[in-house]
Amino acid sequence: GPGQAEMYAGLQELGVANGEDLKETLTNCTEPLKAIEQFQTENGVLLPSLQYALPFLDLHGTPRLEFHQSVFDELREKLLERVSAIALEGKVEERYKKLEDLLEKSFSLVKMPSIQPVVMCVMKHLPKVPEKKLKLVMADKDLYKACAVEVKRQIWQDNQALFGDEVSPLLKQYILEKENILFSNDISFLQNFFSPSPKTRRQGEVVQKLTQMIGKNVKLYDMVLQFLRTLFLRTRNVHYCTLRAELLMSLHDLEISEICTVDPCHKFTWCLDACIREKFVDNKRARELQGFLDGVKKGQEQVLGDLSMILCDPFAINTLALSTIRHLQDLVGQDTLPRESPDLLLLLRMLSLGQGAWDMIDSQVFKEPKMEAELITRFLPLLMSFVVDDHTFTVDQKLPSEEKGPIPYPSTIPEAFTKFLQENRIACEIGLYYILHITKQRNKNAFLRLLPALVETFSDLAFSDIFLHLLTGNLTLLSDEFALEEFCTSLFDGFFLTACSRKENVHRHVLRLLLHLHHKVAPAKLESLQKALEPTKQSGEAVKELHNQLSEKLELRKPSPAEATETPSMELPLPTVPTPASR
């Protein structure tokens, strides 16, 4: 067939006889058997000792093809070893000259499956494969597929579109993996989105594949960063910022100095990575990070764009926000004002740089965002006053009450707090982390007091996936409160349901939470929630699927008609122990 002809086409150029030659010989001869014998002699393996061995193999019924094949495989292995050895020996120019000559001789046979591995091996060891050969490889899908990544890198670095086609599905996969974690049905305050260590995250499939594709090639690394910047601008999706940091640190783990030394963010990212590992910015590292920020020189401000993207990584924001809350608590104990704490001011500076990443890259104006004085002089002291309220309330509860009666927990929120959450991005981020903090402490009073402030927040941050993922996890610590009408009304009617119809993701998070805690909710409330959360025509597959799962669970909980007649009162408290079916 034509495939065969193409496959062996290269042999004639090299003066090696092929099937066509044998056909010609046989067509134009008088004694076919003699001609075959002569062809075998001329084109067989030229070893005198074989003259006697081959007839012996014939007697044993071993086909000549099998013999030639095994000799060939043996030789090919030796050749592959030899090529790899040549790539390491002698003077640099000489060894590459040898490999180039070998490539020149063998490239015409690249279509032969038996020879292809050798040709590929030669190219793999050449730091610069001749342009003409790269073009031929690129033009042929099968050859391109069969190439070693070392050769593909040489093709990619001058073909951004082709490289983009290879990288694009990996980036899609990465974003999907992140979203699957955020919407996972396993809800827990112990294991959440931020639990895996940076080192563990870098072992992920996508980061590993990209690291492998880039190798030590700075040009390819820059292309990937360019893709990430562009996608971040187009989608505002902060997971691209995580990947930016993970990729750099993955190359750092492999000690690829060719890239790490030219990325101006390397040392900053390395230091921040250690903070993320500890989920805290300690004083020593704070000084170091500040040194990098203060060290940005005139004319090099563009590096701020990269640093802001590194700081916009949710894992960085999480670390900075947790550290801020810890600092505020310490300040309450020390009777110090926020503006008197340089460490706290640095955390805020990095938070605003991270939160300003999109605007900076979009506007291409590279200067640090201005910190609003009010944030430091008014908002943070307000948060500190909430901490004090909690202390006072706890102490009051313990004092012997004379005739004054129990002191109620403060239920109103200062209007300024609500306004800050609506109008100031950094205040909103810190406020949300404070709410996560009190929920984790099982402080129901403080939670219910501040919850109304979350209905309207800056750019709807309280309805973002990361916050809702963390909140639902922490709410499992308050699971016993779900039996109380007042608590459920505040949480569901007062917060979640206000956004469900306009935000699909909120709908999903509420259903996740109920799937996990439905056995704690009073039956009447549960029924009305099930109705309120019915999917609409616009709802996506995920919402429908979750609602079906919830309905199935609730079906299983309904008593059979016989039981219902035995227990006239349906107002029995539900057992708080989860039944196996509810898991």
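The values are calculated or read from the model by the stated rules, or taken from the named source; none is laboratory data. This is a predicted model, so every value here is computed, not measured. Using ideal geometry, Cβ is built from the backbone for each residue, glycine included, and neighbour counts are taken over all protein chains shown. We work out accessible area using only protein heavy atoms, side chains counted, and drop any ligands, DNA or RNA first. Shrake-Rupley method; radii C 1.70, N 1.55, O 1.52, S 1.80 Å.
Brief remarks on what is shown
- Estimated D of the stretch 294-369 in µm² per second, where Rh is the Kirkwood radius over Cα pairs and Stokes-Einstein applies at 37 °C, 0.692 mPa s: 247
- For the stretch 104-196, the spherically averaged projection of the C-alpha convex hull amounts to 8.9 nm².
- Taking other residues whose beta carbon is less than 14 angstrom from the beta carbon of Y433, and scoring Lys, Arg as +1 and Asp, Glu as -1, yields +3.
- Carbon + sulfur, % of accessible area of the stretch 170-263 - ligands and nucleic acids excluded, 1.4 Å: 55
- Segment D222-T377, extension gain: residue separation times 0.36 nm, minus the distance between their alpha carbons: 51.6 nm
- The GluC sites (Glu not before Pro) found in the stretch 345-418 that occupy coil by DSSP, while having at most 15 further C-beta atoms within 10 Å, are E402, E403.
- In terms of its alpha-carbon gyration tensor, the stretch 95-153 comes out oblate; a/c meets the 1.5 threshold, while b/c is at least as large as a/b.
- Checking every one of the trypsin sites (Lys or Arg not before Pro) in the stretch 89-118 against DSSP loop status and a limit of 10 other Cβ atoms within 10 Å picks out K91.
- In Å², nearest 10: area of D343 left accessible to a 1.4 Å probe: 20
- Computed from the C-beta positions of K398 and D480 and an R0 of 25 Å, the FRET efficiency is 0.70 to the nearest 0.05.
- Restricting the calculation to Cα atoms, the stretch 130-173 yields a radius of gyration followed by a Dmax of 10.7, 34 Å.
- Inter-site label distance for I407 and E527 at 7 Å from Cα along Cβ, in nm: 4.3
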